[in-house]
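What follows is a single structure, written as structure tokens, with notes after it.
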């Protein structure tokens, strides 16, 4: 049977081990917290930069200096976003990034004929002819004055509005409505417009502006 001195040494060693484990756990916890806090700071900073750029262009202006400032804010936001490391922060960033893509796509005229080439020359809104806009941007009161928005600035904003080729769509694996769901009468009562649309697009298609009935698949073979 070990003596009290031996027992004391064993207990002392156990206590040291417990203290060391606690210390190491605390160090690891602090490292994780610092990494989390750094990621959160990067997320907040990136989104603040994107929002600053949005505010600069939100009034529909075509001021050269303002657009350059917006592009710089976007680039700084992109650099900040590179340091986002925590998955929860990455998910939040992805949601907000998609929202800002649509906004900045609108700024550069996505699917909007009202924003003509004359707009990017920095011409007044009443000038819609691109040749007149080009002449207007080069001179005013016989003094040279650059009004056109630089190509590099437009490239930054256009790039920001694009979806990357490796974009991972979070809903790509979601299945559509089943035939049973489409036929269920209660669904047509509770969501009449939705299920009218879903059923209609299953049976109809539009080709060249003409509505045609889709052919039913033959399952009897």
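Taken together, the values in this text are just the output of simple stated rules run on the coordinates, not laboratory data. The model shown is predicted, which means the values in this text are computed figures rather than measured ones. So basically every Cβ, Gly included, is an ideal-geometry build from the backbone, and we count neighbours across all protein chains shown.
Okay, here's what the table says:
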{"quantity": "Any hit, region 130-143, residues being surrounded by fewer than 18 Cβ atoms within 10 Å (Cβ to Cβ), closer than 30 Å to residue 34 by Cβ and out of contact with any strand residue (DSSP E or B) (no Cβ under 7 Å at 6 or more places or on another chain)", "calculated": "no"}
{"quantity": "Single residue of region 88-118 satisfying the filter (outside any helix (DSSP H, G or I) and in contact (Cβ under 8 Å) with a residue 40 or more places away in the chain) that is surrounded by the most Cβ atoms within 10 Å (Cβ to Cβ)", "calculated": "108"}
{"quantity": "Count - residues of region 61-87 that are over 21 Å from residue 155 (Cα atoms) and surrounded by 15 or more Cβ atoms within 10 Å (Cβ to Cβ)", "calculated": "2"}
{"quantity": "Helices (runs of 4 or more DSSP H) enclosed by region 151-221 - at least 2 residues per element that are over 30 Å from residue 116 (Cα atoms) and out of contact with any strand residue (DSSP E or B) (no Cβ under 6 Å at 6 or more places or on another chain)", "calculated": "179-183, 185-190, 192-203"}
{"quantity": "Flag if residue 43 is in contact (Cβ under 8 Å) with a residue 24 or more places away in the chain and assigned to a helix (DSSP H, G or I)", "calculated": "yes"}
{"quantity": "Test: residue in region 162-170 that is under 24 Å from residue 58 (Cβ atoms) and surrounded by 10 or more Cβ atoms within 10 Å (Cβ to Cβ)", "calculated": "yes"}
